[in-house]
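Have a look at the structure below before the remarks.
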Amino acid sequence: MASSMLSLGSTSLLPREVNKDKLKLGTSGSNPFLKAKSFSRVTMTVAVKPSRFEGITMAPPDPILGVSEAFKADTNELKLNLGVGAYRTEELQPYVLNVVKKAENLMLERGDNKEYLPIEGLAAFNKATAELLFGAGHPVIKEQKVATIQGLSGTGSLRLAAALIERYFPGAKVLISAPTWGNHKNIFNDAKVPWSEYRYYDPKTIGLDFEGMIADIKEAPEGSFILLHGCAHNPTGIDPTPEQWVKIADVIQEKNHIPFFDVAYQGFASGSLDEDAASVRLFADRGMEFFVAQSYSKNLGLYAERIGAINVVCSSADAATRVKSQLKRIARPMYSNPPVHGARIVANVVGDAAMFGEWKAEMEMMAGRIKTVRQKLYDSLVSKDKSGKDWSFILKQIGMFSFTGLNKAQSDNMTNKWHVYMTKDGRISLAGLSLAKCEYLADAIIDSYHNALLYWETPIEL
Amino acid sequence: MGGSVKMVEETLKLAYGDDSEFIKDKRIAAVQALSGTGACRLFADFQKRFCPSSQIYIPVPTWSNHHNIWRDADVPQKTYHYYHPETKGLNFSGLMDDVKNAPEGSFFLLHACAHNPTGVDPTDEQWREISQLFKAKKHFAFFDMAYQGFASGDPARDAKSIRIFLEDGHHIGISQSYAKNMGLYGQRVGCLSVLCADEKQAVTVKSQLQQLARPMYSNPPLHGAQIVSTILGDPELKSLWLKEVKIMADRIIGMRTTLRESLEKLGSPLSWEHVTKQIGMFWYSGLTPEQVDRLTSEYHIYMTRNGRISMAGVTTGNVGYLANAIHEVTKSS
């Protein structure tokens, strides 16, 4: 329950207060070095060797996980989990792609061994992933200018790049969108790479603050890294138009910045792998040097297998070779070599024409379901809301998520009154929405948008 | 972010004992990790974050990646004596001196069994003495256990060093790997555990371990963990695994015996006792880099230049060839 998550978070560790029940004094196997003395209601332990972890406090609960936990604890039948960043079917079940099952069966039949992959990962996977991203015929591929290494999904790939930036571009800053995926900041913080934000989301239009974005990128010190979402921006669902991408590329080139793409939804946004790679290919066509992190969590549903890649587009094959060698040096003391299973699945699916075709069809189906649900939600909102508010932003957004424009009080109302679970920034995951629930959700949104502040005098902390 | 709960539960039983009070009392902070490397790295990062002024004492020699791991975690390193080249065994007095001279409360990296690369392990009695000295010095023991079951063929036996420290009341850390003992190399399955004072602290420490993992890879890969939990969670499969791990360990032990006998039969004047005294996957031969180079260039035998030979690569089919080659390059020394 949400409240218990809070209380865990606010409890600081009091080293000498130990629950007496847990001490098992005098029983066999108990710690011979602990002596307990009772002082009224508090049991003190005098350890011969006090723990060196006493000063460690509880880490804050994950904002997304907290949502799922609260959802699980809710017993109301109408409850809806729109916090989840994972695709669900119309029946709101997780979905393992048929082509993935096929690939895994093939792999099992073949009896592939479980030997270590090289540090850079499965060669067949690396080749396939770079070609998927840039197109097999692209000059950067043909001229071997891309250093690709398999990474632990998007997170791991981003982290490798961040570590490379810290090591070889000391002092360089990364600019991230406001807002962005919550873990981006953690990654750059832990990699000790300084970051700042560029304007992105405009709450007034529930759209892109393009002028602000360009201005902030322009203002950044030359040679900064600019983190861009290749498609289906998380959490807003708001992507630049093709014309805007051109202008973004212009200003980045003008300031000699280094683009850094996070591509977590290729194929999953529009339904087309090529279309979703358009922004990346625009930059590649210009001969720019840049980074691209990829993930197969969503588009192949391989979430838990942790499969992705970091690509560094360089100006020469020689540079690419050197960059690759240094990425390996970063990976080795992190995890030695990447996990094989997900990589094999991708390589098998992409490497077989029939399976590749099946994958594209399933991806279109998933993206299609989300688009359908978007449309139904929009239609429901328009037909139910008599205020004349413009809900078209929902149709303009793309991908798994929609930024509803609801503020915290309104989001709280969604949960407290309607049992709709979402993140406090107003983000809903359409991947967790079924056609059957669209009307209910529309009612909840309309009520929250117009009435939330009437119901609750002060916003309730979730 | 903590990975497969089932897999972690079973993994802790292997290290701490099926009936461990620490498991019952929920005193162990544990997360699934990216095999042994990932577990060590997570611990190193944890050490850096919460004991920023600490160093790590690493044995000489050790698996080379240990140095990379603590270096990239930005934890300063010191070394302690371990291998005795003259005896091709343990430099026990050197080790104890270094433990004694280290500042109180230092962090030490220990190989639980089948030391990599030397194959030289302390005896039970020596482990007890080390543990006592650690207690006196209030040192923190971090065990890297990459070969449980694979060393002697008996997982409980191979965890003896850890059990000794636990009996003596130490709060230890452990890195465990299924790369070798379940052959899951490329799946990257392992576990990091830290024994805490109580359940509350274990929950707290675990939350911080997860906090470190999140910006590194978010959550660990599923497939290998599922294999482990399926095997260890089913009594028949677990029993089958124990048999298979013993077969693997026995094959290597058998090869050690055969190699030593072959070398002695060839009339080598040198002592080859260390072939069978050392344990685990590796034989620290004592061959010089020059001798190693000759083995490669003249006999097409590939090994690391520190003289370490992976016994896993030795078979009944090639042991004779290997013995002969070693004899040839060493007979004049």
Which condition number in (1) more than 7 Å from every other protein chain (Cβ to nearest Cβ); (2) of a type outside the set (D, E, K, R); (3) buried (at least 22 other Cβ atoms within 10 Å of the Cβ) is the one that B:L232 fails?
(3)
Whether any residue in segment A:267-289 is within 14 Å of chain B (Cβ to nearest Cβ) and either more than 18 Å from the chain's Cα centre (by Cα) or modelled with pLDDT of 95 or more (or both) is what I want to check.
no
Kindly list the number of the only condition in (1) touching a Lys or Arg at 6+ places or on another chain (Cβ under 7 Å); (2) surrounded by 17 or more Cβ atoms within 10 Å (Cβ to Cβ); (3) at pLDDT 95 or above that fails for A:S411.
(3)
I need the full set of residues from segment B:179-197 which are over 14 Å from B:E9 (Cα atoms) and in a loop (DSSP other than H, G, I, E, B), in order please.
B:A179, B:K180, B:N181, B:M182, B:G183, B:L184, B:R188, B:C196, B:A197
Has segment A:94-108 got any residue that is touching a Gly at 6+ places or on another chain (Cβ under 9 Å), surrounded by fewer than 16 Cβ atoms within 10 Å (Cβ to Cβ) and over 19 Å from A:T321 (Cα atoms)?
yes
Which one of these does B:V203 not meet: (1) crowded, with 24+ Cβ neighbours inside 10 Å; (2) part of a helix (DSSP H, G or I); (3) β-branched (V, I, T)?
(1)
Answer residue from segment A:396-413, given it is assigned to a helix (DSSP H, G or I) and touching a Pro at 6+ places or on another chain (Cβ under 7 Å) and is farthest from A:G85 (Cα to Cα) among those
A:A409
Restricted to segment A:310-327 and to residues being away from chain B (no Cβ under 13 Å) and over 15 Å from A:A130 (Cβ atoms), the residue most open to solvent (accessible area, probe 1.4 Å) is A:R322
Taking segment A:172-228 and keeping residues of a type in the set (S, T, Y), over 29 Å from B:F50 (Cα atoms), in a loop (DSSP other than H, G, I, E, B) and open to solvent by less than 40 Å² (accessible area, probe 1.4 Å) leaves A:Y200, A:S224
Which residue, of B:A29, B:A39, B:A114, B:A44, is part of a loop (DSSP other than H, G, I, E, B) and open to solvent by less than 10 Å² (accessible area, probe 1.4 Å)?
B:A114
Residues within segment B:182-203 that are farther than 27 Å from A:E305 by Cα, in contact with a His (Cβ under 9 Å, 6 or more places away or on another chain) and within 8 Å of chain A (Cβ to nearest Cβ), tallied
2
Can you go through A:I345, A:I307 and tell me which one is surrounded by 20 or more Cβ atoms within 10 Å (Cβ to Cβ) and more than 29 Å from A:R167 (Cβ to Cβ)?
A:I345
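Here's the yes/no breakdown for (1) of a type outside the set (G, A, S); (2) more than 9 Å from chain A (Cβ to nearest Cβ); (3) part of a loop (DSSP other than H, G, I, E, B); (4) over 18 Å from B:M281 (Cα atoms):
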| site | (1), (2), (3), (4) |
| --- | --- |
| B:L166 | yes, yes, no, yes |
| B:S207 | no, no, no, yes |
| B:V245 | yes, yes, no, no |
| B:I252 | yes, yes, no, no |
When you go through B:Q126, B:Q176 one by one, which is the residue that is of a type in the set (S, T, N, Q), in contact with a helix residue (DSSP H, G or I) (Cβ under 8 Å, 6 or more places away or on another chain), part of a helix (DSSP H, G or I) and more than 14 Å from every other protein chain (Cβ to nearest Cβ)?
B:Q126
B:D25 passes all but one of the listed conditions (1) in contact with a helix residue (DSSP H, G or I) (Cβ under 8 Å, 6 or more places away or on another chain); (2) more than 11 Å from chain A (Cβ to nearest Cβ); the exception is number (2)
Can you give me the number of residues within segment A:51-88 that are surrounded by 13 or more Cβ atoms within 10 Å (Cβ to Cβ), in contact (Cβ under 8 Å) with a residue 60 or more places away in the chain and assigned to a loop (DSSP other than H, G, I, E, B)?
8
What number of residues within segment B:209-219 are within 7 Å of chain A (Cβ to nearest Cβ) and open to solvent by less than 10 Å² (accessible area, probe 1.4 Å)?
3
Counting only residues in segment B:62-88 that are within 18 Å of the chain's Cα centre (by Cα) and surrounded by fewer than 18 Cβ atoms within 10 Å (Cβ to Cβ), the one modelled with the lowest pLDDT is identified as B:S64
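Which of the following residues is in a loop (DSSP other than H, G, I, E, B), over 27 Å from A:D239 (Cβ atoms), touching a helix residue (DSSP H, G or I) at 6+ places or on another chain (Cβ under 6 Å) and at pLDDT 95 or above: A:W418, A:W391?
Working: A:W391 fails: over 27 Å from A:D239 (Cβ atoms).
Exactly one residue qualifies, and that residue is A:W418.
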Out of (1) without any contact (Cβ under 8 Å) to a residue 40 or more places away in the chain; (2) out of contact with any Asp or Glu (no Cβ under 8 Å at 6 or more places or on another chain), the odd one out for A:D209 is which?
(2)
For B:A29, state whether it is within 18 Å of the chain's Cα centre (by Cα), touching a residue at least 40 places away in the same chain (Cβ under 8 Å) and under 24 Å from B:S207 (Cα atoms).
no
For segment A:328-338, state whether one or more residues are within 14 Å of another protein chain (Cβ to nearest Cβ) and small (G, A, S).
yes
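Can you say whether A:A128 is closer than 20 Å to A:V312 by Cα, part of a helix (DSSP H, G or I), open to solvent by 50 Å² or more (accessible area, probe 1.4 Å) and not charged (D, E, K, R), as far as the supplied structure shows?
On the way: closer than 20 Å to A:V312 by Cα: yes; part of a helix (DSSP H, G or I): yes; open to solvent by 50 Å² or more (accessible area, probe 1.4 Å): no; not charged (D, E, K, R): yes.
When the stated conditions are applied, A:A128 does not pass them.
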Selection over segment A:135-171 where residues are in a helix (DSSP H, G or I), in contact with a Leu (Cβ under 7 Å, 6 or more places away or on another chain) and either hydroxyl-bearing (S, T, Y) or within 12 Å of another protein chain (Cβ to nearest Cβ) (or both) yields a count of 1
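The values are calculated or read from the model by the stated rules, or taken from the named source; none is laboratory data. All figures in this text were calculated on a predicted structure; none of them were measured in a lab. Please note: Cβ atoms are built from the backbone with ideal geometry, for glycine as well, and neighbour counts cover all protein chains shown. Keep in mind that these areas ignore ligands, DNA and RNA; they rest on the heavy atoms of the full protein, side chains included. Shrake-Rupley method; radii C 1.70, N 1.55, O 1.52, S 1.80 Å.
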